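Just so it is clear, none of the values below were taken in a lab; they were calculated from the coordinates. Values in this document were obtained by computation on a predicted structure and should not be read as measured data. Positions of Cβ are backbone-derived with ideal geometry, glycine not excepted, and every protein chain shown enters the neighbour counts.
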Amino acid sequence: MRTKSSYLLGAIIVLIADQLTKAWATSSLKPVVYIEVIPEFFRLSYATNRGVAFSLFADSQFDIRWILSAVSLIAALFVFSYFRRVPADRSWLNVSLSLLMAGIIGNMIDRIRLGEVVDFIELHWRDLYSWPTFNIADSAICVGAVILALEMLREEKAARERSSGSAGGATGISTPAPEESSVGSSEN
């Protein structure tokens, strides 16, 4: 069984990988613009984003760096608070929360330090379609959110099965066992 510290260690590893790859992207990709890894599909390209996911609010006239940093801090504290209450044996839930924490903190560090987030992973289909450029922190947030959603759905299904099981099966119709029935009983 894993301990809570192993999940936190995983979050720290993801956070370090995020920050190291962003530093590499800044020093290596910024001067060359991009490196084609898989032609017509995957490239590494330097980009920055002052906004949030998919560059929302990136063109804002206001300096939203501190507002987004504050929102990120509150989100990270909320996720950490939830993480502390989750039992260590809830592996997938702990993994999802660890990924969310690492991703939120990774992008928050960029916002505080640089005023923007460094992105460098670009998926595209020829020059016809391009997914918004992202980074490891963004990936951690997305994967963590998907795992969290799947865990919540699994918990909801288990709760429904428990409640329908206590109500007499999947149909919800309870039939008493023969020894519980007093109708036609000779003991009266």
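Just a few scattered comments:
- Burial ranking of peptide ranges 6-15, 20-29 (average Cβ count within 10 Å, highest at the top): 6-15, 20-29
- Geometric extent, Cα atoms of the range 4-156 - Rg, Dmax (angstrom): 16.4, 50
- For K22, a cut-off of 24 angstrom between C-alpha atoms picks up these lysines, skipping any fewer than 8 places away in its own chain: K30.
- Distance between modelled label sites at V37 and V143, nm, 7 Å Cα→Cβ extension: 1.3 nm
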